[in-house]
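Okay, structure first, notes after.
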Amino acid sequence: MLRWSMLASRLAADWPWRRSVCGAAPLLASNKFKGEKKKSQRPPGKAKADKKEVEIRRTMTVEALARAMDKDADDVLEALVNTGLDMSTLHERSVLEERWIKEAVTRSGMKFRWEKLSEPPLPRPNRDAVPGPPAPADRLAPRPPVVTVMGHVDHGKTTLLDALRKSQVAASEAGGITQHIGAFRVDLPTGERMTFLDTPGHAAFSAMRARGAVATDIVVLVVAADDGVMAQTVESVQHAKQAGVPIIVALNKCDKAGADPERVKRELLAHDVVCEDLGGDVQAVDVSALTGLNLPALAEAVAALAEMLELGAPLDGPAEGLVIESRTDRGKGPVTTALIQRGSLRRGRLLVAGQTWAKVRSLTDERGRSLDEVRPGEAAEVCGWREAPSAGDVVLEVESEQRAREVSEWRCHQEAEERLAAEESAVSAERQRHRDAYGEERASLAHLSWRQRRSLLYRRDKKAFARRPSEKNTASEDPRLALVVKADVDGSLEAIMNILETYDAHDQCQLDVVHVGVGDISENDVSMAQAFGGAVYGFNVSASKAVLRAAERHDVPVKTHAVIYKMIDGLKADIGGRLPPRVTREVLGEAAVLAVFDVTTAGKKKTAVAGCRVLKGQLERKMKFRLLRGDDVRWEGGLLALKHHKDDVATIGSGSECGLSADGDVDFQPGDVVQCYREVDVAQVTHWDPGF
């Protein structure tokens, strides 16, 4: 008995092992053993897989949240099912609140973290160059006056300058009008030296006249004595008054029959220009540019006024000036006509203007003669620019090439910042517009149940969502003209762009300016026009044979003009050619209905026949007809028959009587008028009026 109890105790102690050997170990021991085995087999350092993190922000659209989660928008919408949101109003562009963004991320088995806000960049130090302060009176040296000649087109401004400086510039002007602003030095017989600026008188060049008035000391207002005060005369007076510049009136063409200088002076009174003869302080000189009448008196008047103004500028220090005109020369590269206002400019100096800079390579006058130095009050052509600056830019001399680069980069940075600010403002305004539209849409549907809203939105958006993405942005079938504009100088390009800004016929034809530039037409211009399906317009520029062959190969129109109003006329004709023709009626003849009677034809069908007399023109059987009763059109269509007595005829002339039956049920009455007409396609003309 003792032996059996000892055996039982030993079996109880070894029971788990015994059962495992026999294949019947307890479940607890088996699980423990397996767990220890799994733990021993797991590689060290391997943790449980982390959830994917999604960057979120306060407000996100369904589409933006789907991109952040790397899922489809449908998955986001599915995650928001059975929440407090109204699913019938949700779509890809719906804006989600913060709690629903978190809910969608959590239900998708992910975790969220807030998007990091980038720190604003430190403000960039200002590296711009500015004009120097006014020089003290003891440093000022006398300088020649800058005189701008202004007035209406064809009043003789350039001819007057030719007479003063013994040249023939007017004879070489295209179309007989000045289209560029030019700077000329004139040495008077008395020894005085003056710089004259010749401005265009055409209405298209208002910006050039304004620039000339700002850069000048004295304005010589040229008015034709036989023509009087015109539109650009008034505009020139306004430019001079805004710039605070004194005026001298040159009454040109006094030698012509019908000239009346006194009438011109009285007309100027209406614009606050009071000549000395009428008790004012404005000098008026009767001149003739062709005969040379009183030209010395005009020069003396300008010299006397300049002496009264006591014009002076420092000769030392950095040079400062103004870009009068800018162009790209084929052999010299970018070239500017600069008017120096203080300091002296020499070759080798470094200049900045606008967003570009230059190391002065050469200085030449208007006749092409080389200059060693340009002093205040003088103008010269400057070569050596990296890029052509814009007309009207301020020219400043800097001490080194590094400084010139700094100024140029700073100004480019400033322009980029201003452009970015404008774009951000436009984006913010567009977002606000979308929010307002969304709010109005929600408010308009607030009175409906969710089933009604879902049904209404489904019907409204069915077509939009059914279309493929490639079908959503189909090309517009409206007439469109894309332009590439090239001009010889920056001032002319500015004038052309000012004209194109007045275009107001977008309802007829969309006008897009895709590229502008200064210089001859290149193959790149042709490629640009081909990409947009447009045309290349050049003003006072040329195109090589290779460029013309490329344009012909790509079917790109290249049109060059030397006169600005002819260029605009050609552009208007091109726009009109892209408009669909307008169908008009050309009346061939008219006939009066005298009587109406019925005729029985084959099949015992009665047909109304109108007995008529042709009043004018002729009626043609194959043309279209219409019936007029007073001012009302009662019928339009063709004829079944046209007879003269009993004979079928194709035409019948004025004064003859005829019978006609219409194709259709027409109620003819005596006194009606029958018109015979044909439809003619007439080319449309754009209603754009550039103002000249």
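The values are calculated or read from the model by the stated rules, or taken from the named source; none is laboratory data. On a predicted model such as this, the values are computed, not experimentally measured, just so you know. Note: ideal-geometry Cβ built from the backbone for every residue, glycine included; neighbour counts use all protein chains shown. Only protein heavy atoms, including side chains, enter the accessible area calculation; ligands, DNA and RNA are left aside. Shrake-Rupley method; radii C 1.70, N 1.55, O 1.52, S 1.80 Å.
Tabulated values for the structure
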{"item": "Residue that is crowded, with 18+ Cβ neighbours inside 10 Å, among the aliphatic types (A, V, I, L, M) and under 16 Å from residue 593 (Cβ atoms), where the choices are 660, 615", "result": "660"}
{"item": "Contacts under 6 angstrom Cβ, first residue in segment 573-592 being under 30 Å from residue 535 (Cβ atoms), partner surrounded by 15 or more Cβ atoms within 10 Å (Cβ to Cβ) and hydroxyl-bearing (Ser, Thr, Tyr), 6 or more apart", "result": "575/686; 576/686"}
{"item": "So residue 258, is it modelled with pLDDT under 90 and open to solvent by 50 Å² or more (accessible area, probe 1.4 Å)", "result": "yes"}
{"item": "Segment 356-377 residues that are in contact (Cβ under 8 Å) with a residue 60 or more places away in the chain, paired with ones that are in a loop (DSSP other than H, G, I, E, B) and of a type in the set (A, V, I, L, M) (beta carbon under 8 Å, 6 or more apart)", "result": "365/371; 375/315; 376/315; 377/311"}
{"item": "Tally of residues being open to solvent by 60 Å² or more (accessible area, probe 1.4 Å) and out of contact with any Gly (no Cβ under 6 Å at 6 or more places or on another chain) across segment 573-595", "result": "10"}
{"item": "Search result, residues across segment 271-282 that are open to solvent by 20 Å² or more (accessible area, probe 1.4 Å) and under 22 Å from residue 154 (Cα atoms)", "result": "271"}
{"item": "Flag for residue 353 being in contact with a helix residue (DSSP H, G or I) (Cβ under 9 Å, 6 or more places away or on another chain) and within 30 Å of residue 543 (Cβ to Cβ)", "result": "no"}
{"item": "Yes/no for residue 570 being outside any loop (DSSP other than H, G, I, E, B), in contact with a Lys or Arg (Cβ under 9 Å, 6 or more places away or on another chain), small (Gly, Ala, Ser) and more than 30 Å from residue 645 (Cα to Cα)", "result": "yes"}
{"item": "Every residue from segment 519-553 that is acidic (Asp, Glu), out of contact with any strand residue (DSSP E or B) (no Cβ under 6 Å at 6 or more places or on another chain) and closer than 21 Å to residue 496 by Cβ", "result": "520"}
{"item": "In segment 261-290, the residues that are modelled with pLDDT under 90 and within 44 Å of the chain's Cα centre (by Cα)", "result": "289, 290"}
{"item": "Answer residue from segment 309-327, given it is of a type in the set (Asp, Glu) and open to solvent by less than 60 Å² (accessible area, probe 1.4 Å) and is modelled with the highest pLDDT among those", "result": "320"}
{"item": "Number of positions in segment 82-101 that are open to solvent by 60 Å² or more (accessible area, probe 1.4 Å), in a loop (DSSP other than H, G, I, E, B) and not small (Gly, Ala, Ser)", "result": "4"}
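Rundown of residues vs (1) small (Gly, Ala, Ser); (2) modelled with pLDDT of 90 or more; (3) open to solvent by 70 Å² or more (accessible area, probe 1.4 Å); (4) over 28 Å from the mean Cα position of the chain (by Cα), yes/no style:
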{"residue": "433", "(1), (2), (3), (4)": "no, yes, yes, no"}
{"residue": "458", "(1), (2), (3), (4)": "no, no, yes, yes"}
{"residue": "462", "(1), (2), (3), (4)": "no, no, yes, yes"}
{"residue": "469", "(1), (2), (3), (4)": "no, no, yes, yes"}
{"residue": "475", "(1), (2), (3), (4)": "yes, no, yes, no"}
{"residue": "481", "(1), (2), (3), (4)": "no, yes, no, no"}
{"residue": "496", "(1), (2), (3), (4)": "no, yes, no, no"}
{"residue": "511", "(1), (2), (3), (4)": "no, yes, no, no"}
{"residue": "523", "(1), (2), (3), (4)": "no, yes, yes, no"}
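Yes/no matrix, rows are residues, columns are (1) part of a loop (DSSP other than H, G, I, E, B); (2) farther than 24 Å from residue 489 by Cα; (3) not charged (D, E, K, R):
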| position | (1), (2), (3) |
| --- | --- |
| 315 | yes, yes, yes |
| 318 | yes, yes, yes |
| 322 | no, no, yes |
| 334 | no, no, yes |
| 338 | no, no, yes |
| 341 | no, no, yes |
| 360 | no, no, yes |
| 367 | yes, no, no |
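Okay, residues lined up against (1) in a loop (DSSP other than H, G, I, E, B); (2) among the aliphatic types (A, V, I, L, M); (3) within 55 Å of the chain's Cα centre (by Cα):
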residue: 652; (1), (2), (3): no, yes, no
residue: 660; (1), (2), (3): no, yes, no
residue: 671; (1), (2), (3): yes, no, no
residue: 674; (1), (2), (3): no, yes, yes
residue: 677; (1), (2), (3): no, no, yes
residue: 684; (1), (2), (3): yes, no, yes
residue: 688; (1), (2), (3): yes, no, yes
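The rows are residues; the columns are (1) closer than 30 Å to residue 193 by Cα; (2) modelled with pLDDT of 95 or more; (3) within 31 Å of the chain's Cα centre (by Cα); (4) not basic (Lys, Arg).
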{"position": "372", "(1), (2), (3), (4)": "yes, no, no, yes"}
{"position": "388", "(1), (2), (3), (4)": "yes, no, yes, yes"}
{"position": "392", "(1), (2), (3), (4)": "yes, no, yes, yes"}
{"position": "396", "(1), (2), (3), (4)": "yes, yes, yes, yes"}
{"position": "414", "(1), (2), (3), (4)": "no, no, yes, yes"}
{"position": "419", "(1), (2), (3), (4)": "no, no, yes, no"}
{"position": "422", "(1), (2), (3), (4)": "no, no, yes, yes"}
